[in-house]
Structures are given as structure tokens and as C-alpha cells.
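The values are calculated or read from the model by the stated rules, or taken from the named source; none is laboratory data. All values derive from a computational prediction rather than experimental measurement. Using ideal geometry, Cβ is built from the backbone for each residue, glycine included, and neighbour counts are taken over all protein chains shown.
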Amino acid sequence: MVLAGTGLFGFQPKIDGPDPAIYTEYEAALAAHDVSRLVDLAEAIWLVGIDGSERSEPAANRESSRLMYRDFLESRGEFTQYRDINDTHSLAGLDIPAMVIVGEHDTAFCVMVADYLERTLPQATLVRMPAVAHFPNLSKPREVSELIWQWLKGTYK
């Protein structure tokens, strides 16, 4: 199993410090069903990353991400509140090889999920990718493909 930029519904760790203001903006846009604002904020949070640089993400990747997210949002009748879902119990007894990939500029929450998965899944391998946020497979597809290929062959170090 390969998990990239993974969240875990129901996992609610205590995060030190205040949330970046952009999260409050995102929640407000979600509540208002403001698709255009959600697309802008999602690019900043999930693709570029809170501490990332827009220059590090090719324009074509940013545009693809924006189109996919807009389509996703516009195709939904309702916006599910993620806090109402809990999948943490799904990990119990999951004893299979798993590669967990997280970007260095992903959200604090997703980094904590990756650390949790590494501790919880007996056969987990955690990979922290530099210079990417939540979508390492979109930001650096060749590097991710190579990492997965090495892992599948058993040569990942």
C-alpha cells in the first residue's frame, strides 16, 4: 500500500501553536460554498504548501490541480464536514507493507498523520520528500514513481 499526502479522518492530534490564518479562511469559504476562493486557498495550502514557494511548483501542475479541485467541488451537492468522519479504527490489524510519503511543506496535521501511521502500521516505511506539499505525486511525479519502484523492488533505503 502506498499513501501519499495522507490524512486520516478522526485523527485529531493537538497541534502546538495557532493554526495559520489561511485555515480559518478555508473553513469560511467551505461554509459559504465559495468554490473560487476554495480553489485559490487549496492551491496555497495543499499544492504550494504553507512554507512552500509558488516558484517551486510548475504552472502546469498548479493549473491541473486547480481544474481537478474545481471539478471536484462543483460536482458535489453538499460539502461533507470532515470532522464527522472517523476512520482511525480501520488501521487495527492492518499488517501489510505500506509506504507513507509526506511533503516537507505539507500541513502540520498531515505530517503528524504520517508520523502516526509510521508508529501504528507495523510494516510502514515513512518518506519525507523535500520541496513539496500535500501532492508529491503531482509535484514530483518522476521522483515519486522512482521511490515507489525502489520500495516495491525492496531496494529503497
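Screening P141 on (1) out of contact with any Lys or Arg (no Cβ under 9 Å at 6 or more places or on another chain); (2) more than 21 Å from G10 (Cα to Cα); (3) modelled with pLDDT under 85 shows it passes everything except condition (3).
Residues are listed down the side, and each one gets a yes or a no for (1) in a loop (DSSP other than H, G, I, E, B); (2) acidic (D, E); (3) exposed (fewer than 15 other Cβ atoms within 10 Å of the Cβ); (4) not assigned by TED's automatic domain parsing to the domain that holds F109:
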| site | (1), (2), (3), (4) |
| --- | --- |
| G7 | yes, no, no, no |
| E25 | no, yes, no, yes |
| S36 | no, no, yes, yes |
| A44 | no, no, no, yes |
| L47 | no, no, no, yes |
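For the stretch 107-136, taking the residues that are assigned to a loop (DSSP other than H, G, I, E, B) and modelled with pLDDT under 90, the one that is surrounded by the fewest Cβ atoms within 10 Å (Cβ to Cβ) is identified as A131. Whether any residue in the stretch 58-68 is of a type in the set (S, T, N, Q), more than 30 Å from T125 (Cα to Cα) and at pLDDT 85 or above is what I want to check. Looking through the stretch 58-68, none of the residues is of a type in the set (S, T, N, Q), more than 30 Å from T125 (Cα to Cα) and at pLDDT 85 or above.
Is there any pair linking a residue in the stretch 90-119 that is assigned by TED's automatic domain parsing to the domain that holds W149 and more than 18 Å from P13 (Cα to Cα) to one that is buried (at least 22 other Cβ atoms within 10 Å of the Cβ) and among the aromatic types (F, W, Y), with Cβ under 9 Å and at least six apart or on different chains, and which? Taking only residues 6 or more apart or on different chains, the pairs are G103/F135.
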